[in-house]
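The structure under discussion appears below in the form of structure tokens.
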Amino acid sequence: MTNLRKACLSLLLSLLTAFVLNLQAQGPAEPREYTITGKVIDDELEVPLEYATISVINTENPEDLTGGVTNAQGEFSIEVEEGVYNIVVEFISYESKTFNNRTVNSDLNLGTIKLGLGSENLDEVVVQAETTQVDVRLDKKIYNIGKDLTTAGGTVNDALNNVPSVSVDIEGGISLRGNENVRILINGRPSAMAGFGGTDVLGQLPAEAIERVEVITSPSARYDAEGTAGIINIILRKKETLGFNGSVTLNGGFPENAGINANLNYRTDKFNLFTTTGYRYNESPGSGFFDTRYFDVRNDPFLDGLTYDRNVEDRDYDRINRGFNTNFGMEYYLSDMSSITGAIFFRTGDDEDLTTNVNDYFLDGNPLLGSERIELETEEDRSLQFSLNYIKRFDNEGHELTADFQFEDDSEEQAAFIREPIVYNNSDIENVEIPREETTTEETQKEYLIQADYVRPIGEESQFEAGYRGTFENEITDYVLYQENANGELVINENQTNVFDYTENVQALYTQYGTKFGDFSFLLGLRLENTNLAGKIDSELTEEELEEEFSFDIDTDFDNNYLGLFPTLNVIYEIAEEENITLGYNRRINRPRGWFINPFPSRSSRNNIFQGNPNLRPAFSNAFDIGYLKRWEKLTLTGSVYYQRETDAFERVQEEVIISGPNNTDIEVIRSIPFNLATNDRTGAEIGALYNPTDWLRLNGSVNFFQFKLDGEFNGVDYSQENTSWFGRFSSKVTLPWKIDWQTNAFYRGASDEVQGRQDGILSVDMALSKELFNDNATISVNVRDIFNGRRRSSYTRTDFFEQDSEFQWRQGQNVNVSFIYRFNQQKKRQERRGEDQDFDDEGGEF
């Protein structure tokens, strides 16, 4: 027995020794990993909270930190080694929840974690929502519009007019730092919402649809190179709160206007439905005055050969605009890392404008003849846009691929009926009768957009990006002019009736790289872009007859290509956490639009026409920008200086020409026409401040000073000049007792020298009051725009043929508006997706 025990013990020792030796040969055992899982939801709504942050901290080594974020279902799964951990669950503006000293020696399921809203964070969120804030990125400034009372019930144009660096003139024209060549994007892309051949639609979309405005004065290579002034990117609201929520806005006022707009959103774990739908009715009376004095007497065959040297036009505009627009879309979450979004935008417009133009004709100061030109213009337009977006995220660090497809179909029909009865006749000519006129214009436009962007972070401080964009646009304008002949019949004026078929195709490849070295951040990009501009003019006149009719060379079938490289460089130097300096350089292009190229004239009166120039070439610019931002606790200060040199810049001039009238008569008219100037040097500086000294007072102001130096000539006339001007704005918002807010906005644009004269300054002051109702679920506001009736353009023009004093007011008198907004399931405590608050722009990337 003893021997057996010894044998067994010896065998056991041998096996143990072999096992130990084997362990030594294999090295230490790999630590085991386990999974921590759970689900985070809102304790009140009991809906998942996406992008909640989970931090897992090793109690023995606090520097050993790992974690993750929740998916669309609020779920998380984090792998850790065996040990003892503190687990912290956080979501913006919610109270965090901590699980201390949790031993992990097997898979750990924390179950459903309910987070409640943090009251200490709620006040901060409310304050931020009340006032416009500014954030500076490498290539843009982002203005979160906040709650602007003066634009309640107003349009997108009204809201843009309160954004620093941006100004909207009395006709709705948008400029950036005094330069009208600005590119307007909606949600980062060209859109039918920005208007048919211009920005007219922005005067119909409600201001409440805007989430924020990005002012991009130094665009990176990702953006289309169009727009020498830069880009204004309008980001529309799209709620991400789970469940059904939204708001309804009713407004009405004087002059007669009324509207209703609904922003609705329904989101589940798998999809998000959203829509903005509205109808507007608006009456907009305006006025104009034009006193034209000719240096030589004129003989007008329209007036049976009346000879005069002065014409005074006193115009009244009565406009009625009716419009319906809807934007409906759905985002479907294919997985936690990918989604596809489809949206349809549809707009219809039915406008009716009545222009009454009282004309007085003088000779040597004596009134000879008076007429009343009455023009009734009707317009029906329709826009349909379909867009599709796919996004694939490869990780949560910004590595992603996006693809976009967009199609637009626009149409517009205009008809004008013109008659001009004689009011008085003191001349020697008897039985003066001015022929009737009618015009019809049909415009159709189709545009396709294809785009793909790839973003790849490199480490923690760098990022690579590349992409392609192609836009393919065709626009056909069919214009017919009827004029009354000697027999009282309306016949077609073959000399000015035409069909203009215009195509603009732009294709581009780009790449850019961003990185950070210490306190410096860089974004360097290069864009290769080809522009194809082609047009065909179908007219009864030959090319030689057209050149004789319009007094310059005309190519009736042109096809031009422009290939160019567009480098960009943007730098930020972080002086301190709340202070930085930015430097930007970019090269850009200004492509002439169809109506700038169409040589057939459009008439604002019988004596004044606008005519396009088919010889226009694209303009190119090189721009430099240095910016500064400093934040204190209650004050944000921004400033910049900039310089731009533009070659072949566009400029419009007025000149006297002869065109064909009824019965082949020759008519002298004043023609406004664009042409390529040699160079345009722009220099400027701007400074802005946001100051919130107390919870009840918020102040916002900015000043922009700029100088243009033009150099060039057209038709043998030298139009070189220097122009210095400025504009400034100020806004104050005061919170009164009983939840009443009072806001005042003031804007002043200084006088400026023009190519052929001078324009006076413009002052506009708006004021508004609002009150929260029904536990802050509703807001009622009253605003008065242009209190002092100062939004009018007064100017003086002088040419070799005439001098003219003019005054024009697009919307006459004060505009009073009452607006009521009701929000459901959108109380101020409701929070957006965490991803909405991260420092990433809409087009991907932190840069």
*Scanning for something polar (S, T, N, Q), in contact (Cβ under 8 Å) with a residue 24 or more places away in the chain and under 30 Å from LEU303 (Cβ atoms), does the stretch 472-489 turn up at least one residue?*
yes
*From the set of residues in the stretch 693-728 that are among the polar types (S, T, N, Q) and touching a residue at least 60 places away in the same chain (Cβ under 8 Å), which is farthest from PRO164 (Cα to Cα)?*
ASN715
*asked:* Checking the conditions here, which among SER462, SER521 is within 28 Å of the chain's Cα centre (by Cα) and of a type outside the set (Phe, Trp, Tyr)?
replied: SER521
_Here is a list: SER93, SER106. Which entry is among the polar types (S, T, N, Q), modelled with pLDDT of 80 or more and farther than 20 Å from ASP336 by Cα?_
SER106
*Hey, ARG793 hits all of (1) farther than 30 Å from TRP696 by Cα; (2) surrounded by fewer than 17 Cβ atoms within 10 Å (Cβ to Cβ) but one; which does it fall short on?*
(2)
*Across the stretch 602-661, what is the total count of residues that are touching a Lys or Arg at 6+ places or on another chain (Cβ under 6 Å) and of a type outside the set (Ser, Thr, Tyr)?*
9
_Looking at the stretch 63-80, can you tell me whether even one residue there is under 22 Å from the mean Cα position of the chain (by Cα) and either under 18 Å from ILE36 (Cα atoms) or at pLDDT below 75 (or both)?_
no
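Results for (1) assigned by TED's automatic domain parsing to the domain that holds TRP696; (2) of a type in the set (Phe, Trp, Tyr); (3) within 28 Å of ASN282 (Cβ to Cβ), shown as yes or no for each residue.
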| residue | (1), (2), (3) |
| --- | --- |
| TRP742 | yes, yes, yes |
| GLU754 | yes, no, no |
| LYS771 | yes, no, yes |
| ILE780 | yes, no, yes |
| ASP786 | yes, no, yes |
| SER794 | yes, no, yes |
| VAL818 | yes, no, yes |
*Pick from the stretch 224-253 the residues that are modelled with pLDDT of 80 or more and touching an Asp or Glu at 6+ places or on another chain (Cβ under 6 Å): which of them is nearest to VAL213 (Cα to Cα)?*
ASN233
_Give me the residue from the stretch 462-476 that is buried (at least 19 other Cβ atoms within 10 Å of the Cβ) and farther than 18 Å from ASN505 by Cβ and, out of that set, modelled with the highest pLDDT._
GLU465
_Subset of the stretch 541-579 (residues that are in contact (Cβ under 8 Å) with a residue 60 or more places away in the chain and within 26 Å of the chain's Cα centre (by Cα))_ = GLY564, PHE566, PRO567, THR568, ASN570, VAL571, ILE572
*Take the stretch 516-531 and flag every residue that is in contact with a strand residue (DSSP E or B) (Cβ under 7 Å, 6 or more places away or on another chain) and not in a strand (DSSP E or B).*
ASP519
*Please work out which one of (1) part of a strand (DSSP E or B); (2) within 33 Å of the chain's Cα centre (by Cα); (3) in contact (Cβ under 8 Å) with a residue 40 or more places away in the chain is the condition ASN396 fails and give its number.*
(1)
*Restricted to the stretch 244-283, and to residues that are hydroxyl-bearing (Ser, Thr, Tyr) and surrounded by fewer than 19 Cβ atoms within 10 Å (Cβ to Cβ), which residue is farthest from PRO48 (Cα to Cα)?*
TYR281
*Determine the pairs where a residue that is within 11 Å of GLY398 (Cα to Cα), located within the stretch 451-462, has a partner that is surrounded by 13 or more Cβ atoms within 10 Å (Cβ to Cβ) and aliphatic (A, V, I, L, M) with Cβ atoms under 6 Å apart, the partner being 6 or more residues away or on another chain.*
TYR454/LEU401; TYR454/ALA466
*Listed residues THR683, THR724; which is touching an Asp or Glu at 6+ places or on another chain (Cβ under 8 Å), over 25 Å from GLU633 (Cα atoms) and at pLDDT 85 or above?*
THR724
*Checking PRO614 against (1) over 16 Å from PRO164 (Cα atoms); (2) assigned to a strand (DSSP E or B), which single condition isn't satisfied?*
(2)
*Give the residue, chosen from THR378, THR348, that is without any contact (Cβ under 8 Å) to a residue 40 or more places away in the chain, of a type in the set (Val, Ile, Thr) and closer than 30 Å to ASN263 by Cβ.*
THR348
*asked:* Suppose we filter ASN357, ASN389, ASN327 for residues that are closer than 30 Å to THR307 by Cα and either in contact with a helix residue (DSSP H, G or I) (Cβ under 9 Å, 6 or more places away or on another chain) or of a type outside the set (D, E, K, R) (or both); which single one remains?
replied: ASN357
_I'd like to check something: does the stretch 608-618 contain any residue that is without any contact (Cβ under 8 Å) to a residue 60 or more places away in the chain and in the same structural domain as GLU443 (by TED's automatic domain parsing)?_
yes
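Listed here are the residues, each with its yes/no results for (1) surrounded by 13 or more Cβ atoms within 10 Å (Cβ to Cβ); (2) in a helix (DSSP H, G or I).
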| residue | (1), (2) |
| --- | --- |
| LEU533 | yes, no |
| ASP538 | yes, no |
| LEU546 | yes, yes |
| GLU549 | yes, yes |
| PHE552 | yes, no |
| ASP555 | yes, no |
| ASN560 | no, no |
| LEU563 | no, no |
| LEU569 | yes, no |
_Selection within the stretch 268-322 - among the hydrophobic types (A, V, I, L, M, F, W, C) and outside any strand (DSSP E or B)_ = PHE302, LEU303
*In the set ILE476, ILE450, ILE434, which member is part of a loop (DSSP other than H, G, I, E, B) and β-branched (Val, Ile, Thr)?*
ILE434
*Answer yes if at least one residue in the stretch 734-754 is part of a loop (DSSP other than H, G, I, E, B), at pLDDT below 90 and among the polar types (S, T, N, Q), and no otherwise.*
no
*Out of all the residues in the stretch 439-454, which are within 30 Å of PHE302 (Cβ to Cβ) and surrounded by fewer than 17 Cβ atoms within 10 Å (Cβ to Cβ)?*
THR440, GLU442
*When you scan the stretch 507-517, how many residues do you find that are of a type in the set (Val, Ile, Thr) and at pLDDT below 95?*
1
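The values are calculated or read from the model by the stated rules, or taken from the named source; none is laboratory data. Everything numeric in this text was worked out from a predicted model, so none of it was measured. Don't worry about glycine lacking a Cβ; one is built from the backbone with ideal geometry, like all the others, and counts go over all protein chains shown.
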